[in-house]
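Just so it is clear, none of the values below were taken in a lab; they were calculated from the coordinates. Every value quoted in this text rests on a predicted model; they were computed, and no experiment measured them. Here the Cβ positions follow ideal geometry from the backbone for every residue, glycine too, while neighbour counts run over all protein chains shown.
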Amino acid sequence: MTAAAPLLAVRGLGKCYGPRTVLDAVSFAVRPGEVLGLIGPNGAGKTTLFECLAGLLPADAGEIADGRGQPLAPAQRSAALFYVPDGIAPWPDQPVCRVLLVCRDLWGVATQRVAGLVDTLQLRPLLGAPVRTLSKGERKRLLLALGLLAPKPLLLLDEPFDGLDHRQTREATAVLRGAAAEGRALFLSIHQLSDAGRACDRFVLLSNGKVAGEGTLPELRERAGMPTVLADPQDLEEVFLALT
């Protein structure tokens, strides 16, 4: 991976709900042109972290800074990033085509770009269907399209492959990696470690609200005291367990 300056730097981020600490001094960086995976079990604080990054939740400690090291207030982050939560249904009574067209016009995206994502993410048969009638996987493919249409340098995707079958996951992975190859940064929260191992360049391992490791799979294997010569994406679970 490139050693480019971070697009976003998170420093000592903390979040508590009463006496419960959900995020504890979380620090890491997101680089341009990479797919970064946020890995951790349910309850590790992944969604809370994304909501703090997006400015939807106030952090209790720490700082989020841009590539120049300047702090980014919550109100400034909409220009830097776009967050796609898991399980939402935007404009549920509108047909899929209308939702796509609204976003096209809102963001000034070329019609050819929209059409390309419609075909790649297999949305064409769904264009006339109201969003509320979509299955979990169908809605997820629509959300991926909306996130990729948003003209922001950083895209946060919460569980982007949830509800997709194996083939659809591979196709979505290719689309996301294509976006990263164009210089965009993608930060994915993924609970299926096999999917994360195939999709991501680097990883942030989150356990009990703390960062247990950050880096490529070989770097994490080295930190865990494991051999790195034959590192395989399927080894991510082994590495996570060793570091947490």
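Brief remarks follow.
- Extension gain for GLN94-ALA65 works out to 6.8 nm (0.36 nm per residue, less the C-alpha to C-alpha distance).
- Segment 1-77: chymotrypsin sites (Phe, Trp or Tyr not before Pro) in DSSP coil with no more than 12 other Cβ atoms inside 10 Å: none
- Report summary: the helix-based calculation at 222 nm, which adds -39500 (n - 2.57) for every DSSP H run with n ≥ 4 and divides by the residues of the chain, gives -10000 deg cm²/dmol.
- Label-reachable residues, segment 203-222, where backbone N falls under 20 Å from a point 7 Å from ARG177's Cα toward its Cβ: 203-204, 215-221
- Share of pairwise Cα separations in the chain, more than 22 Å, in percent: 54
- Based on Cα contacts under 8 Å between residues 6+ apart, segment 22-78 shows a relative contact order of 28 percent.
- Charge dipole (debye, nearest 20) of the chain; +1 at Cβ of Lys and Arg, -1 at Cβ of Asp and Glu: 560
- Distant-in-sequence amide H partners of PHE82 (H built 1.01 Å from N, under 5 Å): LEU154, LEU155, LEU156
- Ranked by how many other Cβ atoms sit within 10 Å of their own Cβ, fewest first, the residues ASP235, ASP24 fall in the order ASP24, ASP235.
- Its Cα gyration tensor gives segment 156-244 an equivalent ellipsoid; the semi-axes, largest first and in whole Å, are 22, 14, 13.
- Taking every C-alpha pair closer than 8 Å and separated by at least 6 residues, the mean separation divided by the residue count of the chain gives a relative contact order of 26 percent.
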